There are 2 protein chains.
Amino acid sequence: MIDGAELDRAIERNKEAVMRELGDFCAQPSISTQDLGMREMARLVVRALERRGFSTRMVETPRYPAILAECRGQGDKKLLFYNHYDVQPPEPLDQWQSPPFQPTIREGKYFARGAMDDKGHLVCRLAAIDAVREVCGELPCTVKFLIEGEEEISSPSLEGVIADNSRDLEADLCLWEFGEVDGEGLSMQYLGFRGLLYVELSLQTLARDCHSGIWGSLMPNAAWRLNWALSSIKGMDERIRIPGFYERVVPPSEEDLRLMGDLPVISEAERSAMGAKGFIHPYSSPAEFYEKAVMTPSCTICGMGAGYLGEGQKTIIPAKAFAKADFRLVPDQTPEEILDKLKRHLDAEGFGDIHVNCLGMIYPSRTPVDHPYVRMVAESARDVYGRSQRIYPMSGGSGPAHYFRKHLGVPIMTAGVGYLGSNIHAPNEHIRLADFFNGIRHTARIIADLGGGLDG
Amino acid sequence: MIDGAELDRAIERNKEAVMRELGDFCAQPSISTQDLGMREMARLVVRALERRGFSTRMVETPRYPAILAECRGQGDKKLLFYNHYDVQPPEPLDQWQSPPFQPTIREGKYFARGAMDDKGHLVCRLAAIDAVREVCGELPCTVKFLIEGEEEISSPSLEGVIADNSRDLEADLCLWEFGEVDGEGLSMQYLGFRGLLYVELSLQTLARDCHSGIWGSLMPNAAWRLNWALSSIKGMDERIRIPGFYERVVPPSEEDLRLMGDLPVISEAERSAMGAKGFIHPYSSPAEFYEKAVMTPSCTICGMGAGYLGEGQKTIIPAKAFAKADFRLVPDQTPEEILDKLKRHLDAEGFGDIHVNCLGMIYPSRTPVDHPYVRMVAESARDVYGRSQRIYPMSGGSGPAHYFRKHLGVPIMTAGVGYLGSNIHAPNEHIRLADFFNGIRHTARIIADLGGGLDG
């Protein structure tokens, strides 16, 4: 049995080295979409793992290699950390208060591109490993890493890497690339992610824009047709009208409803700080709020453009129009199924002239709420945050968790160093240092607990 | 009585001087929206009129003066020419084959910004006056001009100028600022213009764009709401759904239908050259075609924008959305009435959060098809074009004709120097020189006919 207080002391002793490693990682740009610093960052990560005695392997892909690493421990349990070494582009640069690749501490917050997503998390996992080893001499379970370089460009190679290396990646538990605390400082356990289908709808009704006076009553208008097509997809009741769209939606279980009933809902103050007059779905309980927010699929118009967008009047019929939209999917919907139904729907409604271009697909994925490690990971938090994790059966966002479930059958959980205000993908990305060290303490306890347990 | 052949010989003799005057006018930029060369152009016009013995007066307005001019003739008939001395900006400059303010002749075509709209027409009127005088010694009727400098910025001062000077502007016939020949080379007589209501609809549902995964099932989406609002205004049947929208539409008279039944419809070849698969309203006769094209109001989305318009995926809920739309109105609709009905409709449909900003208003206007001068002007064309004018009871476009009808009660007709390919408001604006001289010959005959007649 391992003593939690000893773990915390080891973490405290290593503080300086950990901050140095975080600084080295965050100072190295690694922007996958711009091919900037990617090889250099991969080498930094490999060195950090090898220094710790991990056997590592670079798995080449058409773009950036994935890093596989393993360090055997006592016992037969295996923990897999999924992380990524690429980051989002830092633009718009003028909105950063300090340069994005020059890590800066202000008021207990650590600012850098990648501070949370995902270098802070990667360093958190490494620091937790160091602390456990320092206390125990060796790891109480086998620890594996899968660290990809293409997460910010939709993980195009990830499924292949997992499928081709499924024996090496086999594990009892996968700790996801991120974790957050909520507004009350409690750690959040997300057990699922919605899927995604991202499409661009476009059409052209005329060779070029033409005069709205002469032709307004004669010529087909691309903007009108796009409007009607979109309105045929979702009506003011917020219900998606594509036939069969909800067919494969699995309703929340009793246990889901019970867990969601204990979660705090977004407060009136938070909602109105976002400028919204109300939520689009009314609700009468926390369980209903979460059922609508994350257990129900959505369709969002993300962008829409046609014709004249400048100042003042221009009297034209737009020849072209387009919209970008995403569908967030829940089990057991699949992006292929929804894409197919969307196309059939448009054809059936008389919009065969609208071209549907698929820009992205992610499967929805869930870890069963009654998996025994869910409780274990949640309870590991108690000693750090004063309470066990709050368990969210699903989150609204999307991620490539499906591939891990499909090829490895592993349960996936979240625990980490972020909070809801971390500005991921935005200027001034940061973590709070207190959260960072709490994340390390929690991760160390998860390693210890999976390996056989912590002193009570 | 005046001899048409003599008029033509006089026009032929003055050819060089006319071309020089056209060149001087077109070489002088006069872009009202950019305040470029406006005073210089006004002075050029005043000098051209005074040289011809017209008494002229500058009527100051908040932006550019209107020029009023008069030259008394024999008899008591009065002809009013409405023209404008401002032009559209020439941009995009890189699409001009010769500089826009450096008039250039290529293959019988005269290229310059303003060649048709409206300097070619102004010079045409002056050249016709010169020819009539040369043949008759003096004008057979009084000729007046109203030449404004704000036509290309929606004539904000025109109604005031007309109302304040209605006695000076009183006339038996107003020749409109433009005229065109059709694809067969026949002159077109437009007896009416549709009105215009130009609005921008905009809304904001959030303080800023937010993440479509986390918030997609919760937060109101400005793009969706705009879509539903627009679809509530016009459906796929192309019928406008604003209650009472068609209430004041005057259906075509028997005479309108008879005249429209004789007009050529847009050919399949012309339609398909514009890239359109079909017209939005089916028709079974020329009269029905024109009834739908110009005697029925329309609503055109001219521009529409929300959220992310760049390449690839961005997963956001747009906080803001807007659309620009014009309504083309027919007698007896008014822009105020339609604006009011639009606002009531949006409120009633639950879109009280959509802001309606009115960017422009023009009244519809018609000259009665049985006015005796309609036939006279149409017949004046026979000697020039080999056939009388084709009479269009309405055109699809809009113009400030209503103010002339309202304050002066004058019938308004079109005859001039353009053709359907003149590229007005576009790069490479031009007139065909043959059309230019035919326009002068026709205008001279109109002056002669109003003054008492031409030799048969």
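The values are calculated or read from the model by the stated rules, or taken from the named source; none is laboratory data. Quick caveat, the model's predicted, so the values are computed rather than measured. Here the Cβ is made from the backbone with ideal geometry for all residues, glycine too, and neighbour counts use every protein chain on show.
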Practice problem: Give the residue that is farthest from the other protein chains (Cβ to nearest Cβ), with candidates limited to residues of region A:201-216 that are small (Gly, Ala, Ser) and more than 16 Å from B:Leu329 (Cβ to Cβ). | Solution: A:Ser202
Quiz item: How many of the residues in region B:177-196 are surrounded by 22 or more Cβ atoms within 10 Å (Cβ to Cβ), assigned to a loop (DSSP other than H, G, I, E, B) and either polar (S, T, N, Q) or touching a Gly at 6+ places or on another chain (Cβ under 9 Å) (or both)?
Solution: 4
Quiz item: Out of region B:28-39, which residues are surrounded by fewer than 16 Cβ atoms within 10 Å (Cβ to Cβ) and either in a helix (DSSP H, G or I) or of a type in the set (S, T, N, Q) (or both)?
Solution: B:Thr33, B:Gln34, B:Arg39
Practice problem: Inspect all residues belonging to region B:44-54 and state whether any of them is β-branched (Val, Ile, Thr), in contact with a strand residue (DSSP E or B) (Cβ under 7 Å, 6 or more places away or on another chain) and assigned to a helix (DSSP H, G or I). | Solution: yes
Quiz item: Checking A:Arg125 against (1) farther than 23 Å from A:Met376 by Cβ; (2) among the basic types (Lys, Arg); (3) buried (at least 23 other Cβ atoms within 10 Å of the Cβ), which test does it fail?
Solution: (1)
Quiz item: In this structure, is B:Arg271 surrounded by 16 or more Cβ atoms within 10 Å (Cβ to Cβ), closer than 21 Å to B:Met188 by Cβ and within 11 Å of another protein chain (Cβ to nearest Cβ)?
Solution: yes
Quiz prompt | Hits in region B:81-97 - residues which are crowded, with 16+ Cβ neighbours inside 10 Å and touching a Ser or Thr at 6+ places or on another chain (Cβ under 9 Å) | solution = B:Phe81, B:His84, B:Tyr85, B:Asp86, B:Val87, B:Gln88, B:Pro89
Quiz prompt | Criterion (part of a helix (DSSP H, G or I), out of contact with any Lys or Arg (no Cβ under 7 Å at 6 or more places or on another chain), away from every other protein chain (no Cβ under 12 Å) and of a type in the set (A, V, I, L, M)) met by exactly one of A:Leu230, A:Leu259, A:Leu226 | solution = A:Leu259
Self-check item: Unmet criterion (only one of (1) in a helix (DSSP H, G or I); (2) closer than 26 Å to A:Val384 by Cα) for A:Phe81
Solution: (1)
Self-check item: Evaluation of A:Val294 against (1) within 12 Å of chain B (Cβ to nearest Cβ); (2) surrounded by fewer than 20 Cβ atoms within 10 Å (Cβ to Cβ) (one fails), failing number
Solution: (2)
Exercise. Give region B:428-445 a look and list any residue that's in a helix (DSSP H, G or I) and within 21 Å of the chain's Cα centre (by Cα), or say none.
Key: B:Asp435, B:Phe436, B:Asn438, B:Gly439, B:Ile440, B:His442, B:Thr443
Quiz item: Among A:Asp117, A:Asp164, which is surrounded by fewer than 20 Cβ atoms within 10 Å (Cβ to Cβ) and either hydrophobic (A, V, I, L, M, F, W, C) or closer than 21 Å to A:Val46 by Cβ (or both)?
Solution: A:Asp164
Self-check item: Members of region B:432-456 found to be of a type in the set (Asp, Glu) and either within 15 Å of B:Met1 (Cβ to Cβ) or not assigned by TED's automatic domain parsing to the domain that holds B:Phe81 (or both), listed by number
Solution: B:Asp449, B:Asp455
Exercise. Please state which of the following conditions A:Pro282 fails to meet, knowing it meets all the rest: (1) in a loop (DSSP other than H, G, I, E, B); (2) modelled with pLDDT under 95; (3) at the interface with chain B (Cβ under 10 Å from one of its Cβ atoms).
Key: (3)
Quiz item: Consider B:Ala321 against the criteria (1) surrounded by 19 or more Cβ atoms within 10 Å (Cβ to Cβ); (2) assigned to a strand (DSSP E or B); (3) within 21 Å of the chain's Cα centre (by Cα): it satisfies all of them except one. Which criterion is unmet?
Solution: (3)
Quiz item: Going by the conditions given, is B:Gly120 assigned to a loop (DSSP other than H, G, I, E, B), modelled with pLDDT of 95 or more and touching a Phe, Trp or Tyr at 6+ places or on another chain (Cβ under 9 Å)?
Solution: no
Quiz item: Within the set of pairs 6+ apart or on separate chains, which have a first residue in region B:269-286 that is without any contact (Cβ under 8 Å) to a residue 24 or more places away in the chain, a second that is exposed (fewer than 15 other Cβ atoms within 10 Å of the Cβ), and C-beta atoms under 6 Å apart?
Solution: B:Met274/A:Ala207; B:Gly275/A:Ala207
Practice problem: Spot the failing condition for B:Pro90; the list is (1) under 14 Å from B:Glu148 (Cα atoms); (2) in contact with a Pro (Cβ under 6 Å, 6 or more places away or on another chain), and only one is missed. | Solution: (1)
Exercise. Go through (1) at pLDDT 95 or above; (2) more than 8 Å from chain B (Cβ to nearest Cβ) one by one and return the number of the condition A:Gly305 breaks.
Key: (2)
Practice problem: Might you check whether a residue that is in contact (Cβ under 8 Å) with a residue 40 or more places away in the chain, over 22 Å from the mean Cα position of the chain (by Cα) and either part of a loop (DSSP other than H, G, I, E, B) or over 21 Å from B:Ala48 (Cβ atoms) (or both) occurs anywhere in region B:141-158? | Solution: yes
